[in-house]
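Engineer: Next up is a structure, given as structure tokens.
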Amino acid sequence: MLAGFLALALAIKYQNSIKDLWSFNIERFNIYFYNSFYQSNSEAKRKPPLSLINKEAELKLYIGAPFTSFNEEDWQKFWDIIYEAYPLVSPEREGLPNKVRQLTEGEIKDRLVSKYPTPFSYFKDNHWQSFFSIIQKR
């Protein structure tokens, strides 16, 4: 009886701290859940097709270097830039994990120019349009 009364008194005294801790952990769980199902969610704008062979052939044909010398590992790193989700959205509260999202077209351009200066640093707007039309084609 005394233990129950003591527990009730402590719960009342620290109810705000308990609520904050509870809401923080719920929010944390929601972010982990969101991140784990992001790629299958409708928010993932670009989804890889079952086979990337046609797109790889078009990139080799229409753009050339560096795609003509790509091996399987190079292709995987390239497609990760296009299709993967990255933890780029900063958490709203300190201590929470980052939310993931896909790169925007501008961020993709920056990463590709940085990673493959030839040919991407020489691309004009019409080149980028052709490139993204190949990438986004189903």
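Engineer: Just wondering, is there one or more residues in region 88-97 that are in a helix (DSSP H, G or I), over 17 Å from the mean Cα position of the chain (by Cα) and of a type in the set (D, E, K, R)? Explain how you work it out, then say what you get.
Structural biologist: Of region 88-97, the ones in a helix (DSSP H, G or I) are none.
No; the residues of region 88-97 include none that is in a helix (DSSP H, G or I), over 17 Å from the mean Cα position of the chain (by Cα) and of a type in the set (D, E, K, R).
Engineer: Then there's this: Could you look through region 90-121, keep only residues that are of a type in the set (Val, Ile, Thr) and surrounded by 13 or more Cβ atoms within 10 Å (Cβ to Cβ), and pick out the one that is nearest to residue 29 (Cα to Cα)? Don't jump to the end; show me each part of the working.
Structural biologist: We begin by selecting, within region 90-121, every residue of a type in the set (Val, Ile, Thr); these are 100, 104, 108, 113, 118.
Add one more test, that the residue is surrounded by 13 or more Cβ atoms within 10 Å (Cβ to Cβ), and what stays is 100, 108, 113.
Numbers: 100: 14, 108: 29, 113: 36 Å.
Looking at the filtered set, the residue picked out is 100.
Engineer: Would you mind stating whether residue 50 is exposed (fewer than 12 other Cβ atoms within 10 Å of the Cβ), more than 29 Å from residue 131 (Cβ to Cβ) and either in contact (Cβ under 8 Å) with a residue 40 or more places away in the chain or aliphatic (A, V, I, L, M) (or both)?
Structural biologist: Considered against the rule, which asks whether it is exposed (fewer than 12 other Cβ atoms within 10 Å of the Cβ), more than 29 Å from residue 131 (Cβ to Cβ) and either in contact (Cβ under 8 Å) with a residue 40 or more places away in the chain or aliphatic (A, V, I, L, M) (or both), residue 50 comes out as no.
Engineer: Determine, yes or no, whether residue 55 is more than 30 Å from residue 132 (Cα to Cα), surrounded by 10 or more Cβ atoms within 10 Å (Cβ to Cβ) and of a type in the set (D, E, K, R). First the steps, then the outcome.
Structural biologist: Working: more than 30 Å from residue 132 (Cα to Cα): no; surrounded by 10 or more Cβ atoms within 10 Å (Cβ to Cβ): yes; of a type in the set (D, E, K, R): yes.
No, not satisfied.
Engineer: So, one more: Restricting to region 71-87, and then to whatever is in contact with a Leu (Cβ under 7 Å, 6 or more places away or on another chain) and in a helix (DSSP H, G or I), can you tell me which residue is nearest to residue 48 (Cα to Cα)?
Structural biologist: Residues of region 71-87 that are in contact with a Leu (Cβ under 7 Å, 6 or more places away or on another chain), as a first pass: 79, 81, 86.
In the following step, the residues that additionally are in a helix (DSSP H, G or I) were identified as 79, 81.
Numbers: 79: 8, 81: 12 Å.
Ranking the qualifying residues of region 71-87, first place goes to 79.
Engineer: Another one. Can you pull out the residues in region 60-73 that are surrounded by 14 or more Cβ atoms within 10 Å (Cβ to Cβ) and of a type in the set (D, E, K, R)?
Structural biologist: The first filter runs over region 60-73 and keeps only residues surrounded by 14 or more Cβ atoms within 10 Å (Cβ to Cβ), leaving 60, 63, 66-67, 70.
Across region 60-73, the qualifying residue is only 60.
Engineer: Please determine, by comparing only the residues of region 122-138 that are touching a residue at least 60 places away in the same chain (Cβ under 8 Å) and in a loop (DSSP other than H, G, I, E, B), which one is surrounded by the fewest Cβ atoms within 10 Å (Cβ to Cβ).
Structural biologist: Applying the filter and picking the extreme gives 138.
Engineer: Taking the condition surrounded by 14 or more Cβ atoms within 10 Å (Cβ to Cβ), basic (Lys, Arg) and within 14 Å of the chain's Cα centre (by Cα), does residue 28 pass?
Structural biologist: Working: surrounded by 14 or more Cβ atoms within 10 Å (Cβ to Cβ): yes; basic (Lys, Arg): yes; within 14 Å of the chain's Cα centre (by Cα): no.
Spelling it out, it is not the case that residue 28 is surrounded by 14 or more Cβ atoms within 10 Å (Cβ to Cβ), basic (Lys, Arg) and within 14 Å of the chain's Cα centre (by Cα).
Read-outs throughout are calculated quantities, based only on the coordinates presented, and are distinct from any laboratory measurement. Small disclaimer: the values here were computed from a predicted structure and weren't measured. Cβ coordinates were reconstructed from backbone atoms using ideal geometry, including for glycine residues, and neighbour counts include every protein chain displayed.
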